[in-house]
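Novice: Below is the structure I would like to discuss, written out as structure tokens.
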Amino acid sequence: MRILCYGDSNTHGSAPARSWFDSQRFDETARWTGVLAEALGKGFRIIEEGLPGRTTTLDDPIEGASRNGLTYLKPCIDTHRPLDAIVLMLGTNDLKTRFSLTSEDIARGLVALIELILSTKSGPAGADPRILVIAPAPIGEVGFLGEIFSGGGIKSGQLAEKYKDVAAHFGAEYLNAAQFIGVSPVDGIHLDVEHHAVLGKAVADKLLTMFDMGKQL
């Protein structure tokens, strides 16, 4: 089964950092996508598509139009199709102060992504791929990223319920990352390696349930 994991720096595997200049990336076995691949085993192909700074639907005036998750999603899907499932974990970067979005605005961005996925008919034999929506863990306004995300902490805590409603509307599966993990106190955005491991196993369990494979890891 082919699973596309579409996300931002926490899917890319960016490690918590104290400045722009010491940013590092966890290796592929430590990232949650790598943990997921290991947990699921040979019957699955995990396609890792994480880009630091990626938003749901927004061009970034600082980091560029390439960060727009909606613009890149269709060519990404077309590159990797057919896909049995697409895992979406986006919305954190939409919380940046420069975008001035509400949590409802961000949820509407998720709607646009799901609508695009369903328009592609990119599952096996032209069916719809299964969709798993992951609500990202709430952020902390700390460290060097705190100013960039000023005011985002409260809004981030509102995303889980809104994402749950969006997933239910489209018949998508849903996972609230905050039930399993939290962000690092170092920069308030990224996950430490231990939480990558926990998230990867939680996503594996969810996917196995989605595909009625009934194995708990």
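Novice: Going through LEU101, LEU132 one at a time, which residue ends up being assigned to a loop (DSSP other than H, G, I, E, B) and out of contact with any His (no Cβ under 7 Å at 6 or more places or on another chain)?
Specialist: Testing whether each residue is assigned to a loop (DSSP other than H, G, I, E, B) and out of contact with any His (no Cβ under 7 Å at 6 or more places or on another chain) leaves just LEU101.
Novice: Which of the residues spanning segment 165-207 are in contact with a Pro (Cβ under 7 Å, 6 or more places away or on another chain) and open to solvent by less than 20 Å² (accessible area, probe 1.4 Å)?
Specialist: Listed by number, the residues that qualify are ALA177, SER184, ASP187.
Novice: Checking ALA30 against (1) part of a loop (DSSP other than H, G, I, E, B); (2) small (Gly, Ala, Ser); (3) under 18 Å from LEU132 (Cα atoms): exactly one of these is not met. Which one?
Specialist: (3) is the only condition that ALA30 fails.
Novice: Okay, next question. Quick one: in segment 30-73, of everything that is farther than 30 Å from GLU104 by Cβ and of a type in the set (Lys, Arg), which residue is least open to solvent (accessible area, probe 1.4 Å)?
Specialist: Per the stated criteria, the residue is ARG31.
Novice: Next question, about the same structure. Run GLU104 past the list (1) farther than 23 Å from GLU173 by Cα; (2) over 16 Å from the mean Cα position of the chain (by Cα) and report the number of the one that doesn't hold.
Specialist: All conditions pass for GLU104, except number (1).
Novice: Residues in segment 113-147 that are open to solvent by 30 Å² or more (accessible area, probe 1.4 Å), under 20 Å from ALA168 (Cα atoms) and not basic (Lys, Arg): how many?
Specialist: Residues that pass the stated criteria total 6.
Novice: Now, a different point. Does ILE77 meet the test of being touching a Phe, Trp or Tyr at 6+ places or on another chain (Cβ under 6 Å), buried (at least 17 other Cβ atoms within 10 Å of the Cβ) and part of a helix (DSSP H, G or I)?
Specialist: no
The values are calculated or read from the model by the stated rules, or taken from the named source; none is laboratory data. These numbers come from a predicted model, not from an experiment. Cβ sites come from the backbone with ideal geometry, for glycine too, and all protein chains shown count toward neighbours. The accessibility values were calculated without ligands, DNA or RNA, using every heavy atom of the protein model including side chains. Shrake-Rupley method; radii C 1.70, N 1.55, O 1.52, S 1.80 Å.
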